[in-house]
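The values are calculated or read from the model by the stated rules, or taken from the named source; none is laboratory data. Values in this document were obtained by computation on a predicted structure and should not be read as measured data. Positions of Cβ are backbone-derived with ideal geometry, glycine not excepted, and every protein chain shown enters the neighbour counts. Ligands, DNA and RNA are stripped out before the accessible areas are found, and what is left, the full protein with its side chains, is counted by its heavy atoms. Shrake-Rupley method; radii C 1.70, N 1.55, O 1.52, S 1.80 Å.
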Amino acid sequence: MVLIGVPGLSWKDISATRTPSLWRLGGGSIASLSVRTVGTWTCPMDGWLTVSAGTRAALPRVPCGQLPADPVRSGDAWHQNLIPLAKKTNMASNFRAAVGSLGDVVHQAGGCTAAVGPGASLVAADSGGRLDAYAPTPQTFTAWSRCQVTAVDLENVVRPYLGPGVSPHRVAVVSAAARAAAVRQADDEIGRMLAAIPQHANVIVAGLSDQSDVPHLRVAIGSGPAFGKGHYLRSASTRRDGVTILPDVTATVVSAAGLQVPPQVVGIPWTGGGSRGALADAARRLDGLDVAAQTLRTSIQPFFIVFVICQLLVYMIAALALRGAQGTTEEKRGRRRQVLGGARVLALAGAAIPVSTYLVNLLPWWRASQPTAAMFAGMLVWDVVLVAIALGGPWRRSIMIPGTILAGVTALVAATDLLRGSPLQMNSFMGYSPLVGGRYYGLSNIAFATFATGTLFLAAGIAHVLLRRGRRGWAVAVVIALGAGADALSGSPGLGAKFGGTIALFPGTAVTALIVAGKRVTPARVLFFAGLGVTTILTICYLDYLRPPGRRTHLGRFAQQVLDGQAQPVVTRKLLAMLHTVGNIPLTLLVAGGLLFLFLVLLRTGGRGGKGTGPLAAAYKRAPALRAGLTATLVTSMSGFAVEDSGIAVPAIALTLAIPLAFAATAQARRVTETSSVVASPEASPDAAAAGTPGAPALRSDSAEPAESAAPNAPRVPRLQ
């Protein structure tokens, strides 16, 4: 097994003409490699140590621009001090990286390790710093068939950026021509090595680190009997064809050498994924994945700043639209209805933004000459289409149905995406990025917020229709079925693999069902269902743990850490991450602005008994199930804040969907009030429909629904006690 590390190597560097040796190796199986370790970008030293440990590792007190130095031999130990120090430092961190694990497992099996170059010596040395063979350059190394594992360090690509003559605290600017020359040198070295390496050997080429403070996806190539030909590399760590992570390199090297992967290695060996087709097309696809990731990286902060500003502006416009008493003349009432209608459209457009960030990935916007512009244009088109659908039919006069349509599309897109392996969440503003390396499959924390909110409002909207038909039992059953289905998708290790989200959805579903059923919502009941969620997800974790190690998700690995008494660092890391999110100013503003608008404008709490006296309270009378959807979203999002490591992001994103939907319903209820104060025809009377008046439709639009106190058959919905 020969590992050739080329820090900084990207897929855009490789072609049939410029890099013939790498192109020949690419005839095996290929992937993009996410090299994220501890920092926002991966230093060469940290990349080598991560492969040594099989989990994220770093040397925090070493400047990121400092390249590994040649080891000094002392007996059979080449890194007598550095490796033990690196292990001690990293074992005390939250990742508990056991540096030297790769060398340990080989030596414990009676094998030997060899290294060519200083970085490779960090990989091949065991926890005591011992190596069996070392050479500073490929030209001086001849024992290619001696050891089970040989690691090679080619610094050609990274050296112009961080090498001798460059301050270790800075990164040099390198021209395209100079980079191309460095890549050709590395390719020439690889060509000479391939002529000396035994034909039956398995060879990995990996771009193990970044070359600057701009993170990128790097090259991963597997050639030899262990990898097959013409496929994408795949790992259970990412569950994606063509996307792998740095700790997977460790597991793959150990496995390809015929050894058992040790439990402290979090990576999982590569396997062959789907057919990649022509190498040129596959290389462009993998480079396109990096282009998409770079576009997301540079756009995400401006997007959320603009998103926050627009959301707060919507709240201000909505507050102005609701301000003042009802008009006294038909002309004034008409103008007021127009203002409320415009504000309603604006709110629905805001509610469609989250799902638009997923749907845009149905289009290959990253192939455009201006990918950023193409991405935002695609999002805008989807937003307009969804609002047009919500308001384009006879249901547009309904208080609940337009918002229910948007909520349903949001939930359906998220659920379908999960069933398809989450392709739409990758490189989405409301999903995840392979550069960040937090998640590669299942539900991200932000995606959970949109999925849960969409599901709860969809359940409330369907319940609203059923309640108007007098089908309370069916309404409760639909709520429970949708909530249980969403929880199953969220908690399933093969789909959502969401720990905290599964807990948070239980009380939200219960609150929706209780309100729709006309039952009291008490803190004790909410806590009971939250505890039921905890029990459920822990059971799922244990069942996932019972599967073979190579098939476990992070849920099963967490169960193993709990059983081994090693879970405390993981819990601590996630708790600190959650608390740290409170300092995220844009997201905190979203939560604060949303809650202030909800309680001071829509509900106007503070009246007698603390009850809401605002326009939303009036909308509840016309659409009682609206209270269920909004209350449940508040319960689920705040629970998610407590149990998810993204913390404040969960309620922030949930409220950006829930409050616009609540306002849209409120605005339409106010418009209905303005209309019904002037016009009251027998055909529009729901009382006539309820009494079975000849010619009355079976289901009237709720646009003419009377107040709750005026409708004897309307279900009474309790307030949150």
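All of Ala280, Ala293, Ala226 fail the test of being surrounded by fewer than 24 Cβ atoms within 10 Å (Cβ to Cβ), closer than 24 Å to Val157 by Cα, more than 26 Å from the chain's Cα centre (by Cα) and not basic (Lys, Arg), apart from Ala280.
Considering only residues of region 352-372 that are open to solvent by 60 Å² or more (accessible area, probe 1.4 Å) and in a helix (DSSP H, G or I), which is nearest to Thr410 (Cα to Cα)?
Only one residue fits best here, namely Leu362.
Conditions (1) of a type in the set (A, V, I, L, M, F, W, C); (2) more than 12 Å from the chain's Cα centre (by Cα), marked per residue:
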| position | (1), (2) |
| --- | --- |
| Gly408 | no, yes |
| Val413 | yes, yes |
| Pro434 | no, no |
| Ala447 | yes, no |
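Residues that are over 27 Å from Leu312 (Cβ atoms), surrounded by 24 or more Cβ atoms within 10 Å (Cβ to Cβ) and modelled with pLDDT of 90 or more do not occur anywhere in region 644-666. Which of the residues belonging to region 83-106 are within 22 Å of Gly8 (Cβ to Cβ) and open to solvent by 30 Å² or more (accessible area, probe 1.4 Å)? Listed by number, the list is empty, since nothing qualifies.
Go over the candidates Ala459, Ala452, Ala475, Ala481 one by one and state the one that is within 16 Å of Glu644 (Cβ to Cβ) and aliphatic (A, V, I, L, M).
When all the criteria are applied, what remains is Ala452.
Among the residues of region 169-184, the ones that are open to solvent by less than 50 Å² (accessible area, probe 1.4 Å) and either part of a strand (DSSP E or B) or not aliphatic (A, V, I, L, M) (or both) come to 1 in all. Residue-level check: of (1) over 26 Å from the mean Cα position of the chain (by Cα); (2) assigned to a loop (DSSP other than H, G, I, E, B); (3) over 25 Å from Asp188 (Cα atoms); (4) touching a residue at least 40 places away in the same chain (Cβ under 8 Å), Ser15 misses just (3).
Look through Thr416, Thr410 and report the one residue that is open to solvent by 20 Å² or more (accessible area, probe 1.4 Å) and part of a helix (DSSP H, G or I).
On the way: Thr410 fails: open to solvent by 20 Å² or more (accessible area, probe 1.4 Å).
Unique residue meeting the criteria: Thr416.
Considering the conditions (1) in contact with a Cys (Cβ under 6 Å, 6 or more places away or on another chain); (2) closer than 30 Å to His200 by Cβ, Gly117 is excluded by exactly one of them, (1). Annotation: of all residues in region 229-273 being out of contact with any Phe, Trp or Tyr (no Cβ under 9 Å at 6 or more places or on another chain) and at positive phi, the one that is surrounded by the fewest Cβ atoms within 10 Å (Cβ to Cβ) is Gly258. Each residue in region 57-82 was checked for being touching a residue at least 40 places away in the same chain (Cβ under 8 Å), assigned to a loop (DSSP other than H, G, I, E, B) and open to solvent by 50 Å² or more (accessible area, probe 1.4 Å), and 7 pass.
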